[in-house]
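First comes the structure, then the notes that go with it.
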Amino acid sequence: MSDLRSKIVQASLLLFEKHGYHGVTVNEIVEKAGASKGGFYHHFTSKDELLFVIHDTFITYALEKATIANETFVSPTEKLRAIIKEFVKVFDLYKPHIAVFYQETIYLKSQYEVLIKRKRDQFKHIILETIREGKACGEFREDLSVDITGMAILGMVNWTYKWYNQSGTKTIDEIGDIFVDLILHSVLSGGELTGKSIY
């Protein structure tokens, strides 16, 4: 991302979070970013596209990391561990993006909403397939419902945005380890769990 594009995104994040999407004009974004209207429209076709980029940034990161984990590890346990750790990091790396996402997502135009949903579905698919693989090879419990387990993991980690505080007593890595511990203790079969470190 170019320096000016990044400045515009950061300025809009601050303004959208404080005043809401409809409470902010392009002129105010430009002024906050120390840019020009020409500079804005060089990087974004509209304020709508800017909102899409804010949404897309952290979803793309999560999907890329999950894809890498899926391609790097053979063991479903290792895949799930890596996916969870990187997923949790999103709430630290992109905290303002996520705050704006949950606050302003209803204003996302339909053509952009389709693109976001596609990536979210791809991310969910990787998690569900990892659980299926884990059941098939005996690493995960046979009695797990793939869909409910996957949605439980997504819901559990997604809720982090509501309570995570960057100045809290736990670092994001420590929180990630706790999530890994909770989730793997829930899904691993007895044989896989015995005598193995979750971290």
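What follows draws every value from the coordinates through simple rules; no lab data is involved. Not measured: the values here are computed from a predicted model.
For Lys47, which aspartates and glutamates qualify as cross-link partners when the Cα separation must be under 17 Å and same-chain residues fewer than eight apart are set aside? Cα-Cα hits under 17 Å: Glu17, Glu28, Glu31, Asp56, Glu104, Glu113.
Remark on segment 1-92: Rg and Dmax equal 16.9, 51 Å (Cα only). Cα centroid separation, segment 48-110 to segment 119-167: 14 Å. Computed over segment 76-116, the quotient of the alpha carbon radius of gyration and 2.2 N^0.38 Å is 1.52. The helix-based estimate of mean residue ellipticity at 222 nm for the chain, built from -39,500 (n - 2.57) per DSSP H run of four or more residues and divided by its residue count, is -24000 deg cm²/dmol to the nearest 500. One quarter of the surface of the convex hull around the alpha-carbon atoms of the chain equals 12.3 nm², the direction-averaged projected area.
The length gained on full extension between Cys137 and Thr25, counted as 0.36 nm times the residue separation minus their Cα-Cα distance, comes to 34.9 nm.
Stokes-Einstein at 37 °C, 0.692 mPa s, Kirkwood radius from Cα pairs: D for segment 84-160 in µm² s⁻¹? Taking Rh from Cα pairs, D becomes 232 µm²/s.
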